[in-house]
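Notes to accompany the following structure.
Every read-out reported here was derived from the displayed coordinates using simple, explicitly stated rules and does not represent laboratory data. Since the structure is predicted, the reported quantities are computational estimates derived from the model, not experimental observations. For neighbour counting, all protein chains shown are included, and Cβ atoms are generated from backbone atoms with ideal geometry for every residue, glycine included.
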């Protein structure tokens, strides 16, 4: 296991474990809580943010689809994971649906919010994190995109393996 | 030494940090046109506006602006221009309109009106009032050739360049190589610095952002043993001999993340010399965004002090302030250590 990464049963479980933790965190900071969620994950080339000896070249790999139980009162969340030819970070495109008439909002203080324009691609976003002095392995969830829709909120969130480890530690602390 | 940095792109932000790390330099100001990510991420920087319009745009973004370029030039000793490559000439008049600040232009500038091409190990006093730095690729080759001294008689190099910088996603080639069918500019720059040397260069561009790679063939005046060669290369601790039998630029980049340097800067060029019948071949792997920073700092110091300052002393001061020892744990060792290890 790389330093600063969370333990998972198998490498195939890694993106789904990470997605479950991210979805749980996002649900927790959304008011009111969403009734439905969905998620597409763009994973780094070989499942970790780092050199990939077996990453895709000019291709997207489908790493699978699962239904995740994020929270008891929430119906299982469909999660699709795709791997792309990049190593900088994980990207989570998350949709949250709310009851009609709700005015959902998220606690932005719980995320690192990028200045306008910086979240337009992961190159700018990750270099901004370097500019902040956080290096390549930041532990925050970084908000790259936020849109209100007719049904609720669409979020684009970036994270690294260090963020996964941080969320996993928080889960272990809760479980104890 | 009061120092101004113009531009805060991939080079400018590293220069600002490097200048701030020098015990004999003060970062008097950084001059920008727009509120780019670095300006927003580093509010401690002393920001000056390039123009009135720049001041307006920066103010709108909430950036605290200390003044204008003109204010800064009156109180600076040296200025390094880190603006977009090959546009320095468009800024020269703005600099010359105020004071006698000495000017250094970052790599890639071809216009001789900006001053001579200068490198601290080759012609340290050539740039008296204004000068140009070699490009990143040229800098790495210059290190090798300067360490060899008069032993080198000819050099051929093929430069494999990253398609874009780490912060720019829109300039890449997705799957392919772009091969230039003409000699690259590096040969002219190397001839300017080593007039007696026969030089040929070609360049290609590849879809990567893990640093440039150079394949360098050097013909020597007389054959050298591998240890003799390494002893010569040991003259420059900015050359680090690869600790592994292969160089994976992605893994080198990853290994740099553990060294605690801002932006994972790799100031050193990684080299693995392979003896040949007439000299040697080598791969050079370099961080194209960081490799010129040490020489830029050297030259600012040398331009300010003139021949009163020994060039090797200037370089040593830079190395100490930037933490350049020749050792890159997990990546490479000084050439002198490589000799011992053989």
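Can you give the helix-only mean residue ellipticity at 222 nm for the protein assembly as shown, where every DSSP H stretch with n ≥ 4 adds -39500 (n - 2.57) and the sum goes over all residues, rounded to the nearest 500 deg cm²/dmol?
The helix-only estimate for the protein assembly as shown comes to -8000 deg cm²/dmol at 222 nm.
What full-extension length gain, to one decimal in nm, is calculated for residue B:51 and residue B:310 as 0.36 nm per residue of separation minus the Cα-Cα distance?
Length gained, residue B:51 through residue B:310: 89.5 nm.
Distance between Cα centroids, segment A:79-104 to segment B:189-258: provide it in whole Å.
Rounded to whole Å, the Cα centres lie 44 Å apart.
Which order do the peptides B:301-307, B:207-213, B:102-108, B:137-143 take when ranked by the mean count of other beta-carbon atoms within 10 Å per residue, highest first?
Peptide ranking by packing, descending: B:137-143, B:102-108, B:207-213, B:301-307.
Which angle from 0 to 90°, rounded to the nearest 10, does the C-alpha axis of helix B:311-322 make with the longest principal axis of chain B?
Rounded to the nearest ten degrees, it is 70.
Counting only C-alpha contacts under 8 Å and six or more residues apart, can you give the relative contact order of segment B:7-87 as a whole percent?
Contact order relative to length: 30 percent.
Name the residue, out of B:95, B:48, B:267, whose mean-square fluctuation peaks in a Gaussian network model built on chain B with Cα pairs under 10 Å.
Of the options given, B:95 has the highest mean-square fluctuation.
Which whole-number percentage describes the relative contact order of segment A:1-86, with Cα contacts under 8 Å and a sequence gap of 6 or more?
Numbers: 122 pairs, mean separation 28.6, N = 86.
It rounds to 33 percent for segment A:1-86.
Quick check: the angle from helix A:122-131's long axis to the longest principal axis of chain A, C-alpha only, nearest 10 degrees?
80 degrees
Which order results if B:4, B:333 are arranged by neighbouring Cβ count within 10 Å, fewest first? Working shown, then result.
Numbers: B:4 27, B:333 18.
Ascending number of Cβ neighbours within 10 Å: B:333, B:4.
Would you mind ranking B:194, B:327 so that the residue whose beta carbon has the fewest other beta carbons within 10 Å leads the list?
Lowest count first: B:327, B:194.
State, as an integer percentage, the relative contact order of segment B:93-143 based on alpha-carbon contacts under 8 Å between residues 6 or more apart.
With pairs under 8 Å counted, the relative contact order is 39 percent.
Roughly how many Å is it from the Cα centre of segment A:149-171 to that of segment B:287-340, as a whole number?
Their Cα centres are 41 Å away from one another.
I need the P(r) histogram for segment A:76-176: all alpha carbon pairs, bin width 10 Å from 0 out to the longest distance, whole percents.
P(r) over segment A:76-176, rounded to whole percents: 13, 41, 35, 11, 0.
Arrange the peptides B:244-251, B:275-282 so that the one whose residues have, on average, the most other Cβ atoms within 10 Å appears first.
Ranked by mean Cβ neighbours within 10 Å, highest first: B:275-282, B:244-251.
Determine the distance separating the Cα centre of segment B:1-75 from the Cα centre of segment A:15-65; give it in Å without decimals.
38 Å
To test your reading of the geometry: what angle, between 0 and 90 degrees and rounded to tens, separates the Cα axis of helix B:293-305 from the longest principal axis of chain B?
That works out to roughly 60 degrees.
Rounded if a/c is under 1.5, else prolate if a/b is larger than b/c, else oblate: which is segment B:38-159, with a ≥ b ≥ c the root eigenvalues of its Cα gyration tensor?
Cα axes put segment B:38-159 in the prolate bin.
Please compute the modelled spin-label separation between residue A:69 and residue B:191, points set 7 Å along Cα→Cβ, answer in nm with one decimal.
According to this spin-label approximation, the distance is 7.4 nm.
How big, on average over all directions, is the shadow cast by the Cα convex hull of the protein assembly as shown, in nm²?
Reported value for the Cα convex hull: 26.7 nm².
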